[in-house]
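The values are calculated or read from the model by the stated rules, or taken from the named source; none is laboratory data. Just so it is clear, the model here is predicted, and its values are computed rather than measured. Cβ placement follows ideal geometry from the backbone for every residue including glycine, while neighbour counts extend to all protein chains displayed. Heavy atoms of the whole protein, side chains included, go into the accessibility calculation; ligands, DNA and RNA do not. Shrake-Rupley method; radii C 1.70, N 1.55, O 1.52, S 1.80 Å.
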Amino acid sequence: MFSIKSQVESGCLTSVPPKYVFDKSSSNCISSEAETIPTIDVSLLTFGTPDQRSKVIQDIGNACRDWGFFMIINHGVPETLRDEMLKGCQNFFNLTEEEKKEFSGKQLFDPISYGTSFNTNIDTSFFWRDYLKVWVHPNFRAPHKPAGFSETVREYSKRSREVASELVRGISESLGLEERYIEKTYDLEVGSQLLVVNMYPPCPEPEVAIGLPPHTDHGILTLLMQNELSGLQVMHNGKWVPVNDPPPNSFLVNMGDHMEILTNGKYKSVVHRAVVNNKETRISLGTAYGPPLDTVVSPAPELVDCESYGSAYRGIKYRDYLVLQKANHLDSKSCLDRVRI
Ligand SMILES: O=C(O)CCC(=O)C(=O)O
Ligand SMILES: [Fe+2]
């Protein structure tokens, strides 16, 4: 496996190698309207007056229904921690290939895995991306190099988990359910948390390659943050909406496939992709929050309208869903389609 970072740094790539050419022709319509993803002040969930809290829950519900993607501000994760985390990730990728090899995962559920593209055994074209994946909950693991990185990952994971839990409570209420309904029903306290660090080196011909192809995330929700470079695009009303200039120290939140399953399609997971640029390395950090690996997730009975449609998805163990996603091409919503009734 050759990381794309080492190929770019070798200095001999003046064009995109054929293996990395990605056909975007089937869906490449970029929105020309000035559409903006909603921004939500989540401090109002905890510190707002009852009226402010109900308003913010309503805003969360609308954002989940209309976009499936929103930005959050005032979430309580300090900017210094976020900067330290980005620096630590950069330093991890700056280790030599020899040093990083120790972390290259062999199996899907290895606690730490460093690699490139998505699944190089089956990818028909490779993605312009190296990654580090770490399972940080319920059992915490992190690379022991570079120095201090593991402690930063621990603190970041803990603080971002608090944000995700608060959001899940708000989302539960926005569905007309009791605040703790989702976390109790799907055992989220001991749920899984997967940190995915994506690094996209500069690409000589950004228009012919892709960082991550159109896909949805597998978990219940994902919290995403990035360095100062944009590249994320979100599918909205059939067009790609670029996410440029998010507010400082904001997170992006997106609904994952398991939110779509448990809400019986009321909140949909959203197709998104990462494009690359020819200037600088972009880093993004996604944290996927899900149930414990052995929990079977099926639509919440309270959200199934038996008289008209019934359950729209069959129940599936989170673990089996992850296996299914990894064994198939990362492609739009194809994995979710397999559990649709
Ligand atoms: O790099 C990005 O902005 C998107 C990352 C992403 O979609 C993912 O890690 O699942
Ligand atoms: Fe994603």
Calculated SAXS-style log₁₀ I(q)/I(0) at q = 0.06, 0.11, 0.12 Å⁻¹ - the chain, Debye, Cα scatterers: -0.20, -0.70, -0.84
Debye log10 I(q)/I(0) at q = 0.14, 0.18, 0.22 Å⁻¹ for segment 245-301, Cα point scatterers: -0.57, -0.81, -1.00
Environment charge at Ser104 (Cβ cut-off 13 Å; Lys +1, Arg +1, Asp -1, Glu -1): -2
Zone residues, segment 217-236, relative to Asn277, backbone N less than 19 Å from point 7 Å out along Cα-to-Cβ: 224-234
Within the chain, percent of DSSP bridges classed antiparallel, to nearest 5: 90
Summed side-chain charge close to Val323 - residues other than Val323 whose Cβ falls under 12 Å, Lys, Arg +1, Asp, Glu -1: +3
Cross-link partners of Lys266 among lysines (Cα-Cα below 19 Å; sequence separation of 8 or more within a chain): Lys333
Efficiency of FRET from Cβ geometry, Thr49 and Glu151, R₀ 41 Å, rounded to 0.05: 0.65
Amide H contacts under 5 Å for Ser31, placed H, 5+ residues apart: Trp240, Val241
Cα-based radius of gyration of segment 1-116 once divided by 2.2 N^0.38 Å, which approximates compact folds: 1.58
For segment 206-274 and segment 53-71, distance of Cα centres in Å: 15
Reachable lysines from Lys106, criterion Cα separation under 21 angstrom, eight or more residues apart if same chain: Lys5, Lys133, Lys145, Lys326
Eligible aspartates and glutamates near Lys19 by straight Cα distance, threshold 18 Å, same-chain separation 8 or greater: Glu9, Asp123, Asp130, Glu205, Glu207, Asp331
In segment 86-189, the trypsin sites (Lys or Arg not before Pro) that fall in loop regions by DSSP, at most 10 other Cβ within 10 Å: Lys106
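How much accessible area per residue does the chain have, in Å², with a 1.4 Å probe? Don't skip to the answer; put the middle values down first.
Details: 15010 Å² over 341 residues.
Result: 44 Å² per residue.
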14 Å beta-carbon shell around Leu13, net charge (K/R +1, D/E -1): 0
Apportionment of accessible area to carbon and sulfur, segment 229-341, percent (1.4 Å): 50
Radius, Kirkwood style, for segment 224-321 when every pair of distinct Cα atoms is counted (Å): 15.7
